[in-house]
1. For the chain, what is the calculated [θ] at 222 nm in deg cm²/dmol (nearest 500), taking -39500 (n - 2.57) for each run of four or more DSSP H residues and dividing by its residue count?
2. Give me the net charge for the shell around HIS292: Cβ to Cβ below 12 angstrom, other residues only, Lys and Arg +1, Asp and Glu -1.
3. Please report the relative contact order for the range 277-330, taking Cα pairs under 8 Å with a sequence separation of at least 6, and give it as a percent rounded to a whole number.
4. Rounded, prolate or oblate: which fits the range 1-115 when a ≥ b ≥ c are the square roots of the eigenvalues of the alpha-carbon gyration tensor, with rounded for a/c under 1.5 and prolate only if a/b beats b/c?
5. Would you please put 282-294, 241-253, 155-167 in order of how densely packed they are, using the mean number of other Cβ atoms within 10 angstrom per residue and starting with the highest?
6. Whenever you get a sec, compute what percent of the accessible area on the chain sits on carbon and sulfur atoms (1.4 Å probe).
7. Can you list the residues, at least 5 places off or on another chain, whose amide H is less than 5 Å from the amide H of VAL278, using H built in the peptide plane?
8. For the range 23-37, just list the computed ³J(HN,Hα) in residue order, Karplus coefficients 6.51, -1.76 and 1.60, θ = phi - 60°, integers in Hz, with x standing in for Gly and Pro.
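The values are calculated or read from the model by the stated rules, or taken from the named source; none is laboratory data. Owing to the predicted nature of the structure, the values given are computational and were not obtained by experimental measurement. A quick note on method: Cβ atoms are made from the backbone with ideal geometry, for glycine too, and the neighbour counts reach across all protein chains shown. Heads up: the accessible areas ignore ligands, DNA and RNA and are worked out on the full protein's heavy atoms, side chains in. Shrake-Rupley method; radii C 1.70, N 1.55, O 1.52, S 1.80 Å.
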Amino acid sequence: MNYQTDVCIIGAGPGGALLAYLLAKQNISTILIERSDKLGKEFRGEHLNEDGEMILKKHHIFEEIESLGLLRMSRVEYWRDGHVFKTIESELGHAGIHVPQQHLLQSIDSRASSHPSYKLMLGTKVTELTQNEKGQYTGIKAQQKGTGEIIVESKIIIGADGRYSTVRKLAHIKNNIHNHGYDLLWAKIPAPANWEPSIKFALVKQQQVALFSQAKGFVQIGWNIEKGSYPVLRKQSFKPFIQRLIEAFPSLNLSIERFIKSWSDFTLLSVQSSISEVWSKHHLLLLGDAAHTMTPTGAFGLNESLKDADLLSDLLHQVFYQNKEISETLRQFEQKRKPRLITLERIQFQREKEFPSHFISS
């Protein structure tokens, strides 16, 4: 089957989905392609800061997400020896907002679906990029469940397909990966009774442990471990390891003992940041994690992808309604956004380096 569109976006995460909606709202025909069979699979970077909140409110999406369910965290706490010893209150009235990805994408898709210029293709895996005689990217070939091969002809290709971007690989764009010296163990457990929504930090064996309150009564645990150490770590006894977490946050004792019984109850995240060498190439552009993967530090990832989509939708309006040249416009996006992401990467390195200093007594 063959399709034609103005913009083809690969990857229906927050950045890709928001861009598709903003373009469709401008009557720019948009096909959004997602490899998964459904929107809203759970992911770990669901923390909204003031930038992301502002963009969602700007486009009148935040209110619907709030009706579906989100959670404002009251403050940031630093814990030592099982007790809070330092608290930071935010001037915003909250220290961050947990937004389940399913709620975020459901809200965006429901708005986008009301526009005839929007089409979502689930269960569709991109296999090839097509080019014309000038070398410009003109579309994609993909395998769609239940259909077989499809071809989408498009004036612009957007790769919003994450840190392991297929589009980036097919376009032969170099990705500069930076090692931060740690990996992350994730787990999610029910919050104890009377748990006040907050972000909590502790230092365990000189490694950061973070707790993030989540909507629907859960706590997300993020535990830094030395880069590449997990295969050796999991050969060791689990009980002494998990006891350190209980000692750091005693109120989690019962929930930890019930829901974290072995190494298999953690998920390992290989932590790295990366910034692609170029973001735009021959009518193709990388967006979000495909262009700039970030570490969990500072919870910038989700918010920066939303900022990408917000800016790009304005620039593409100029392409389709003011006859601006495509390649120059995509380069303009890269020139506007790339310095910001380079700066944020440096900030993440610095925060990670300085984290133990929060636990030094004054």
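1. Here the helix-only value at 222 nm equals -10000 deg cm²/dmol.
2. Numbers: positive: ARG163, ARG168, LYS307, ARG337, LYS338, ARG340; negative: GLU277, ASP289, GLU304, ASP308, GLU334, GLU345.
Cβ neighbours under 12 Å give a net charge of 0.
3. On the way: 34 pairs, mean separation 20.8, N = 54.
39 percent.
4. The shape class here is prolate.
5. On the way: 282-294: 26.6, 241-253: 16.8, 155-167: 24.5.
Taking the mean over residues of other Cβ atoms within 10 Å, the ranking is 282-294, 155-167, 241-253.
6. Looking at the chain in its full context, I get 49 percent from C and S.
7. Under 5 Å from the amide H of VAL278: LYS174.
8. The phi angles translate into 6, 4, 5, 8, 6, 9, 5, 9, 10, 10, 10, 10, 5, 6, 7 Hz.
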